[in-house]
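Any read-out appearing in this document is the output of simple, stated calculations on the displayed coordinates, not a laboratory observation. Computed from a predicted model, the values in this text were never measured in an experiment. Here the Cβ positions follow ideal geometry from the backbone for every residue, glycine too, while neighbour counts run over all protein chains shown.
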Amino acid sequence: MRFQNRVVLITGSAAGIGAGCAQVFLDEGARVISLDRDQTALEKWLESLVPAQREQVWPIVCDVANTAQLQNAIQSGIQSFGRLDCLINNAGIHPPALTIAETSLELVEQVMRVNFIATFAASQAVVEELKKTRGTIINISSMTAVLGQENSTAYAASKGAQVSFTKSLALELARYGVRVNAILPSNVDTPLMRTWAASLPDPEAALDRVARLQPLGRMATPDEIGKIALFLATEDSSFLTGQAIEADGGAALDY
Ligand SMILES: NC(=O)c1ccc[n+]([C@@H]2O[C@H](COP(=O)([O-])OP(=O)(O)OC[C@H]3O[C@@H](n4cnc5c(N)ncnc54)[C@H](O)[C@@H]3O)[C@@H](O)[C@H]2O)c1
């Protein structure tokens, strides 16, 4: 029970990687402040939990792209549980494949707002609480931050911004014992991944191709990313800060 009596706030936690992180932390005794813009998905996810764990969740419907809503949700979550030990900036969107010419500046702004500005704003809103608990921030970035991704300039740039933000904030907060790290998954089997595949002519072939991008021969599961987050949130990783952990099943090897 490595997170007993401790509190984690996770954005986008009703599905996918966020839900995987929440489950891993709940299994370790955590209380979870759970933010998601999708009320139906949030309710469905809550119902899937065993009752004892459901009581440990403070769910808040919140669109992280709306900064005032995000700040209010964070304040009310922290007030409810009385402390904060970890923030996981996970909520993110991936637009369909588009060339730079096809990508409107409005779309660039939307992607940056959800994937990066919300990461910045949520981190800003929790710094003072994390100084009290010597807590941690974990940003869910992407391997596209370091490898790039064809026809995904806005998305990859937003994920790169999360990595450089991680390193700079780690420097700023190290003196307070607050650590900041990022996780860069390659491919994880989530609703986001399945929706992307469903938009292609042959979804099964697409998922198979994506699985084979990893030398391990498969995508990650959400709880595998959750376990890396747990490691980064506990004393097990006490000498790690400013790191971009490449959770890629070996995908970047053998160039
Ligand atoms: N799935 C992958 O292969 C993969 C790979 C690399 C990085 N990532 C990153 O992991 C994170 C989670 O991805 P996922 O695959 O679990 O996505 P997902 O779409 O399966 O789940 C994302 C959750 O976030 C919520 N969400 C989305 N936008 C939101 C907003 N504006 N406000 C509040 N909640 C919002 C959704 O409602 C959903 O519950 C993203 O930041 C994504 O970029 C995913």
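Extension gain for D208 to E43 (0.36 nm times residue separation, less C-alpha to C-alpha distance): 56.3 nm. Between A211, A118, A30, the residue with the greatest mean-square fluctuation in the GNM of the chain (Cα pairs under 10 Å linked by springs) is A211.
Could you list L253, L70 in order of exposure, starting from the residue whose Cβ has the fewest other Cβ atoms within 10 Å? Write out the running numbers ahead of the final one.
Details: L253 10, L70 22.
Listed from fewest to most nearby Cβ atoms, that is L253, L70.
Remark: T40, T11, T221 ranked as T40, T221, T11, counting other beta-carbon atoms within 10 Å and listing the fewest first. Place a point 7 Å from the Cα of L107 along the Cα-to-Cβ direction; which residues of segment 131-157 have their backbone N under 14 Å from it? Inside the label zone: 150-157.
Of the chymotrypsin sites (Phe, Trp or Tyr not before Pro) in segment 160-239, which ones lie in a loop per DSSP and count no more than 12 other C-beta atoms within 10 Å? List each step's numbers first, then the result.
On the way: sites: F165, Y176, W196, F231, F239; in loops: F239.
Those that pass, being in a loop and sparsely packed, are F239.
Segment 18-53 and segment 81-144 have their alpha-carbon centroids 19 Å apart.
Residue order for S237, S123, fewest other beta carbons within 10 angstrom first, comes to S237, S123. Treating r as the C-beta distance of Q149 and Q79 and R0 as 30 Å, the FRET efficiency rounds to 0.15. Considering helices alone, the calculated mean residue ellipticity of the chain at 222 nm is -14000 deg cm²/dmol, with DSSP H runs of length four and up weighted by -39500 (n - 2.57) and normalised per residue.
Computed over every Cα-Cα pair of the chain and binned at 10 Å starting from 0, the pair-distance distribution P(r) comes out as 7, 32, 38, 19, 4, 0 percent. A simple count of charges around L46, restricted to other residues whose Cβ falls under 11 Å of its Cβ and scoring Lys, Arg +1 and Asp, Glu -1, yields -2.
If a helix is a whole DSSP H run, which ones in the chain reach 18 Å or further along their own axis (Cα) and hold a mean Kyte-Doolittle hydropathy of at least 0.5? Before the final figure, lay out the partial values.
On the way: long enough: 67-81 (21 Å, -0.07); 118-133 (22 Å, 0.11); 153-173 (30 Å, 0.34).
Helices passing the filter in the chain: none found.
Please give the net charge around T153, taking every other residue with its beta carbon less than 15 angstrom from that of T153, where Lys and Arg add +1 and Asp and Glu add -1.
Numbers: positive: K159; negative: E102, E106, E109, E150.
Result for the local shell: -3.
Given springs between every Cα pair under 10 Å in a Gaussian network model of the chain, which of L169, L130, L49 has the largest fluctuation? Top of the fluctuation ranking is L49.
For Cα pairs less than 8 Å apart in space and 6+ apart in sequence, what is the mean separation divided by the residue count of the chain, i.e. the relative contact order in percent? Walk me through the numbers on the way to the answer.
Numbers: 493 pairs, mean separation 52.8, N = 255.
Relative contact order comes out at 21 percent.
Only lysines eight or more places from K131 in sequence, or on another chain, were considered; those with a Cα closer than 29 Å are K159, K167, K227.
Its Cα centre serving as origin, segment 142-255 has a Cβ charge dipole (Lys and Arg +1, Asp and Glu -1) of approximately 300 debye. Considering only K44, K131, K159, the mean-square fluctuation computed in a Gaussian network model of the chain, springs between alpha carbons under 10 angstrom, is largest for K44.
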